[in-house]
Amino acid sequence: MEEQTLSIIKPDATKRSITGKINNIIEEAGLKIVAQKRIHLTREQAEKFYSVHAEKPFFKDLVNYMISGPIVVQVLQASNAVSLYRSVMGATNPEEAKSGTIRAEFAKSLEANSVHGSDSDENANIEISFFFKAEEIVG
Ligand code: CMP
């Protein structure tokens, strides 16, 4: 059974026009991009998407950063999409990310870390339906 995960290419990456380079790493890793759109989040959407972090000290900065420019939201598909994409992204903190990962290659900081990926199957389903209707996902 194929699995799906939600990916976000964040404002630091869209601003530098490296979405194609990131997509190349994603596809080379065997993840199929089955849905994709470029959007600009409203503050309300960003707060809702990251509501699990609402009590964290970095929440306000995170929301401000995520609305500072366009993002690309995507659904990625593979047999083990959630864990595969997490290994392709590298650690949240780019200083800890292994070489060859998206964050080691491109991330600027813990906040401007270029990409987001769902952390579990359950959250993947919630996050995918936050951005996409079933008919927008074409496997
Ligand atoms: P992401 O996978 O999108 O999920 C939450 C984001 O918060 C995370 O990536 C980071 O970009 C951002 N963030 C900012 N500060 C921190 C922090 N101290 N710990 C974890 N995540 C942080």
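A short reminder: the numbers here are calculations on the coordinates, not readings from a lab. On a predicted model such as this, the values are computed, not experimentally measured, just so you know. Note: ideal-geometry Cβ built from the backbone for every residue, glycine included; neighbour counts use all protein chains shown.
Which one is nearest to the ligand (Cβ to nearest atom), of the residues in segment 1-30 that are over 15 Å from the mean Cα position of the chain (by Cα) and under 15 Å from Val88 (Cα atoms)? Among them, the one singled out is Ala29. Please find, among Val52, Val72, Val63, the residue that is closer than 17 Å to Leu31 by Cβ, within 16 Å of the chain's Cα centre (by Cα) and within 14 Å of the ligand (Cβ to nearest atom). Residue meeting the stated conditions: Val72.
Segment 1-97 holds strands (runs of 3 or more DSSP E) entirely within its bounds, and those carrying 1 or more residues that are surrounded by fewer than 16 Cβ atoms within 10 Å (Cβ to Cβ) map to 32-39.
Just to be sure, is Ile137 surrounded by 12 or more Cβ atoms within 10 Å (Cβ to Cβ), over 20 Å from Asp12 (Cβ atoms) and of a type in the set (A, V, I, L, M)? Yes; evaluated as a whole, the condition is true for this residue.
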